[in-house]
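Heads up, the thing below is written out as structure tokens.
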Amino acid sequence: MSASAQIVLRKKRNSKGLYPLAIRITKNRRSTFKHIGHTIDLEDWDDKNLKVKKSNPDADNLNNLLASKLSEVRKGLMNLQSENTDFSAGQIKRNIYKPASSLTLSDYTSEHLENLKAEKKINRLTTDTALTTYIWAFHKTKNIRFQDITERWLKKFKTYLQGKRELSETSALNVMVLIRLLYNRAISDKVVSKDLYPFGKGGFQIKFPETHKIGLNKKEIILYETIEKITEVERHSLNVWLYSFYFAGMRVSDVLFTRWSMIYDSRLHYRMSKNGKLVSIKIPVKVLAILKQYENDKKNKDDFVFPEMKKADFANPKDVYNKIKVATSKFNKHLKSLTKKAGIHKKVTMHIARHSFGNIAGDSIHPLMLQKLYRHSDLKTTINYQANFIHKEADDALETVINF
């Protein structure tokens, strides 16, 4: 059966009550649509003659545009038919609307990684470099055109990642997030038509499974604070963890980057390594006790409080990244033994200090204040930290119902 193309008004009203104009491509009773980027009122459409009525002030321009787009599609159909190749409606659309440039996913990937390297975002660079290797291993070549990335391709790729490569669903979806990021950039650059976008509603949807990173409660924090008979290296790891917790779950890189010069007027003044935001926060009494343990090792006012970064080569971002990574691994190892000695039956890592603060703050601090303490740009991120911990109201409601 030959393919056909026709001008249509799609009966899918947008938020403004208008309907989109499109070209419908049909093959074997299956249709796909090429939207022209314009919408009109339903009463402005001539359903018999398939054109915009004169009642619309832009009728002439819209009808000319529709005729031009229809001619373009029909010419593409004839070219495909002359090749004597069988295509589905979706494949016809992808082949007719070829990209405006020859740039591929590989080109955008290389540019993305180069940007991360230039911005010295070594953590992200390392992660995304690893993610790209899965793409090339699956596709067997780096010559992937954006119009080749369809919903079906993405589903097969996800199956490959979770099956043959044995990735968790979260890890597999992280690869998809990277592809989506690059696809959006290609659309922005007009390398590929937004009509071919394979993600979102009606396409491949990225939905991460819920995670449960349970922080420590008040009693467990006290157990940590009062733990005895621990080694010197364990004490240091505990100090770093508590320092992070007392500062509302400060990220480990910011903890290790703390210099004595940042401490003045009873406050800590620093720039967040993740987003460059300037922060000024009061130093809690419990933090002062920790700082006192490291004063004798201070060589000058610009020296680091904690020793891990004292020998880092800050002209070499990779060296800085590796030292943070090694230190975090060391801390987590000691936290495991500390948790056992404290009689706590939870997995504790450096990042759990952040969740622990959210756990304890959940029932007593308004999300907007917690957002400020966490230094989150988006309140939704803060609420996600609290989501697993806000139980008090639900618990009280349950007790009210069953206590009769």
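Readers should treat all values here as calculations from the given coordinates under stated rules, not as data from a laboratory. These figures come from a predicted structure and were not determined experimentally. Ideal geometry is used to build each Cβ from the backbone, glycine not excepted, and the neighbour counts take in all protein chains shown.
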(message) If you take every residue apart from I230 with its C-beta less than 14 Å away from the C-beta of I230, what net charge results, scoring Lys and Arg +1 and Asp and Glu -1?
(response) +2
(request) Between beta-carbons, use under 11 Å as the cut-off and find the net charge around D41, counting Lys and Arg +1, Asp and Glu -1. (result) +1
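How high is the relative contact order of the range 93-249, in percent, with contacts defined as C-alpha pairs under 8 Å that are six or more residues apart? Present the calculation step by step, with values, prior to reporting the outcome.
Numbers: 96 pairs, mean separation 40.9, N = 157.
Computed value for the range 93-249: 26 percent relative contact order.
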(message) Modelling each spin label as a point 7 Å along the Cα-to-Cβ direction, I'd like the K75/H351 distance in nm, to one decimal.
(response) 5.3
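What's the exposure ranking of V348, V326, going from fewest to most Cβ atoms within 10 Å? Write down the numbers at each step before the final one.
On the way: V348 23, V326 11.
Ordered from fewest to most neighbouring Cβ atoms within 10 Å, V348, V326 come out as V326, V348.
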(request) Using amide H atoms built 1.01 Å from N in the peptide plane, name the residues 5+ places from I144, or on other chains, whose amide H lies under 5 Å from its own. (result) L105, S106
(request) Report, in whole Å, the centroid distance computed from the Cα atoms of the range 305-338 and the range 190-244. (result) 18
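Taking the number of other C-beta atoms within 10 Å as the exposure measure, put K142, K229 in order starting with the fewest.
Details: K142 14, K229 6.
By the 10 Å Cβ count, ascending, the order reads K229, K142.
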(message) Modelling each spin label as a point 7 Å along the Cα-to-Cβ direction, I'd like the V177/L18 distance in nm, to one decimal.
(response) 3.4
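On a full-extension model of 0.36 nm per residue, what is the gain between I230 and S266, subtracting their alpha-carbon distance, rounded to one decimal in nm?
Numbers: separation 36, 0.36 × 36 = 12.96 nm, distance 3.00 nm.
My answer for the length gained is 10.0 nm.
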(request) Per residue of the range 133-150, in order, report the coupling 6.51 cos²θ - 1.76 cosθ + 1.60 (Karplus, θ = phi - 60°) as ³J(HN,Hα) in whole Hz, putting x for Gly and Pro. (result) 4, 5, 5, 5, 5, 6, 7, 6, 8, 8, 8, 9, 7, 5, 6, 7, 8, 9
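Starting from the Kirkwood Rh over alpha-carbon pairs, what translational D in µm² s⁻¹ does the range 161-314 have by Stokes-Einstein at 10 °C and 1.306 mPa s?
Numbers: Rh = 19.7 Å.
Estimated via Stokes-Einstein, D reaches 81 µm²/s.
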(request) Can you tell me the equivalent ellipsoid semi-axes for the range 105-196? Use √(5λ) from the Cα gyration tensor, largest first, whole Å. (result) 20, 19, 11
(request) Using 0.36 nm per residue of separation minus the Cα-Cα distance, give me the extension gain between D60 and W153 in nm, one decimal. (result) 29.5 nm
(request) May I ask which of K164/K207; K164/K336; K121/K341; K219/K340; K51/K155 have a Cα-Cα span longer than 26 Å here? (result) K164/K336; K121/K341; K51/K155
(message) Give me the net charge for the shell around N322: Cβ to Cβ below 14 angstrom, other residues only, Lys and Arg +1, Asp and Glu -1.
(response) +3
